[in-house]
Structure formats: structure tokens, C-alpha cells
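Colleague: Can you keep this structure in mind? I'll have questions shortly.
Readers should treat all values here as calculations from the given coordinates under stated rules, not as data from a laboratory. If you're wondering where the values come from, they're calculated on a predicted model, not measured in any experiment. Heads up, the Cβs are rebuilt from the backbone with ideal geometry, glycines too, and the neighbour counts pull from every protein chain shown.
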């Protein structure tokens, strides 16, 4: 049985990855589900959808079809942000726009060192908000112990909608859709499984979303932000959209790829400079 399962995965995956994923399937699922799981994976269904979860820092985040899967790149900057300015965000109100599974918002809310006052995650997708609530429920023991208030609301970034449950925010984080429509192809580096199974609403976008996000900053009173990006042009556009009173720069991930545009207009968040490799 082992060889037949591995052979099925080898049709679509390199040997090392196939062996690793088969091991995960066996560890996470009961034996009677192995064959079906391998069949799904051989049709490029993302492993996280098959297993139903993915690690994100100290959390195990539930994943489901129709909601963007959290990536290691997002996990990495989120962990780095908490180390850099966690103390500065203590007692602050934080908004996570385009929250998806709620991974960023929950990672912040469950951090015992940060202790933010309120965290709100927003998304336009009802499927995403439903899953974020499930993930919140799974984190409830930690949230109750730390006393952090976290909620999820439906908001449309394109309409610059602001959550009703908070008067203002100190800090804005977002992983918006950032793959341009003409880049949504295998030739441009997008995996087949992403193209076939992950929601386009969470993937396809470009400069317009950074325009919306920067326009949101004065509306909510935020004095700092971290946005995930896919291209340098998106970071440069964000700089252009900001007043000159803002400091702004680019962060690269551990693979050497441009991953974030970071900005702040309050000395309280000067520690963000430690995440910046290139000033804009």
C-alpha cells in the first residue's frame, strides 16, 4: 500500500516532497482516509485543504476550500513584527484587513508579550470570516487567559469600510490580493494547485489595494502599518500614496524576495526600522 500511495504522489510531486507529504498524511489522518487523501493530492488539491490545517507560529490554523492558505512568508514577517514592535503594540488597537483564516490577527491576539487591547480582522468573504471564527474558537482558552478582545467583521476594502466595533486603530496590517491578473499563470511562478483551488478574490490584485489601504490610514488614525507585497512596484506605489511625514521602507523575506512595505509616522514605532532593508 505504501508504494502505491507514494507512486501516486510521485506523478505530481518531486520524490522528497512526495515522501514528506505522505508522512504528514499518515501522521494527521486515520488510515482509512489515506487513499482518498493521496488521490486528492494527486489531483493537486492543496495539502492544507486535505489535512484541514496548517501551522502558523505557535498556532494550528484551520484551513478550508474557498479561503486562502496561510504561507510561511506571512508567518515569518508576523513573527518578526512581534519581536520588533510587540512591546510598542501593547494596549493598542490593531486592524487586520483581508484577514482570511484570521491567522495574523490571532497570532497577534494570542501573543503573551504583545497584549494588544483590541484586534479586529476584516474580510469581504463570508467563507473566510466563518473560518476565522472557527479558528478564534480554537484559540479561546488562550484568548480568555490573556484578556485580549478579538472580533471579525465583514468589510469591503474597496469601499474603505471601517469596522463598527472600534473607534480607531493604532496599527494596520494586511495581506491583500497582490498578484496582477496578467501574472496569474504557471509561467509567472504561480503553482498549479493555487490556480486550480485557491480563491481568486484573495489572490488577484495590484496597486489599487495599496491605494485603498493607505487611504484607510487617516480614516482610522493608524500611525504604522505592515503590508505584504509581491512586487517592488507595489511598495513604491505605497510610498507615493503616503504623505512625506511618513517613514517607509521595504522588507525582504529569508529567501531574499521583497515581501513587505512598512511605514510609520510616530517615533513610538521606530523599532520597525529594524525590519527595513531598503528605504523608500
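Colleague: Go through 69-75, 121-127, 144-150 and give me the packing order, highest mean Cβ count within 10 Å leading.
Modeller: Averaged packing, sorted descending, gives the order 121-127, 69-75, 144-150.
Colleague: Going by alpha carbons, how many degrees (0 to 90, nearest 10) lie between the helix axis of 72-85 and the longest principal axis of the chain?
Modeller: Helix 72-85 and the main axis of the chain meet at about 30 degrees.
Colleague: Quick one: 77, 246, fewest Cβ neighbours within 10 Å first, how do they rank?
Modeller: The most exposed by this proxy come first: 246, 77.
Colleague: Which whole-percent values make up P(r) of the range 1-160 when all C-alpha to C-alpha distances are grouped in 10 Å steps starting at zero?
Modeller: 11, 34, 29, 18, 8, 0
Colleague: Give the order of 81, 184 when sorted by the count of other beta carbons within 10 angstrom, beginning with the fewest.
Modeller: Fewest-to-most Cβ neighbours within 10 Å comes out as 184, 81.
Colleague: Suppose R0 equals 41 Å. What FRET efficiency, 1/(1 + (r/R0)^6) with r the Cβ-Cβ distance, do residue 154 and residue 35 give to the nearest 0.05?
Modeller: For R0 = 41 Å, the calculated efficiency reads 0.60.
Colleague: Rule-of-thumb check for the range 106-176: C-alpha Rg over 2.2 N^0.38 Å?
Modeller: For the range 106-176, the normalised Cα radius of gyration is 1.10.
Colleague: Now, a different point. What shape does the range 153-222 take by its C-alpha gyration tensor, where a ≥ b ≥ c are the square roots of the eigenvalues and a/c under 1.5 counts as rounded, a/b above b/c as prolate, and the rest as oblate?
Modeller: The shape class here is prolate.
Colleague: Quick one: helix 15-28 against the long Cα principal axis of the chain, what's the angle to the nearest 10°, folded into 0 to 90?
Modeller: For 15-28 against the chain, the angle is about 90 degrees.
Colleague: Taking the Cα atoms of the range 53-107, what is the range of coordinates along each of the three principal axes, in descending order and whole Å?
Modeller: Result, largest extent first: 36, 18, 15 Å.
Colleague: Between 27, 93, 175, which gets the highest mean-square fluctuation from a Gaussian network model of the chain, Cα cutoff 10 Å?
Modeller: 27
Colleague: Still on this model: So what is the 222 nm mean residue ellipticity for the chain from helices alone, if each DSSP H run of at least 4 adds -39500 (n - 2.57) and you divide by all residues, rounding to the nearest 500 deg cm²/dmol?
Modeller: -11000 deg cm²/dmol
Colleague: Moving to a separate point now. Once you keep just the Cα pairs under 8 angstrom separated by 6 or more residues, what percentage relative contact order results for the range 2-43?
Modeller: 50
Colleague: May I pose another question? Test of understanding: ordering 203, 59, 10 by Cβ neighbours within 10 Å, fewest first, what list do you get?
Modeller: In increasing order of surrounding Cβ atoms, one gets 10, 203, 59.
Colleague: Could you work out the percent of alpha carbon pairs in the chain separated by over 26 Å, rounded to a whole number?
Modeller: That fraction is 44 percent.
Colleague: Among rounded, prolate and oblate, which fits the range 101-221 when a ≥ b ≥ c are the square roots of the eigenvalues of its C-alpha gyration tensor, a/c under 1.5 means rounded, and a/b larger than b/c means prolate?
Modeller: Oblate shape, in that a/c is at least 1.5 and b/c is the bigger or equal ratio.
Colleague: Right, next: How high is the FRET efficiency between residue 182 and residue 257 when r is their beta carbon distance and R₀ equals 22 Å, given to the nearest 0.05?
Modeller: 0.70
Colleague: Please compute P(r) over all alpha-carbon pairs of the range 191-270, binned at 5 Å starting from zero, and give each bin as a whole-number percent.
Modeller: Reading upward from the zero bin: 3, 14, 23, 21, 18, 11, 5, 3, 1.
Colleague: Going by alpha carbons, how many degrees (0 to 90, nearest 10) lie between the helix axis of 207-220 and the longest principal axis of the chain?
Modeller: Between helix and principal axis, roughly 50 degrees.
Colleague: Can you tell me what percent of all Cα-Cα pairs in the range 2-43 are more than 17 Å apart?
Modeller: When every Cα pair of the range 2-43 is considered, 14 percent fall beyond 17 Å.
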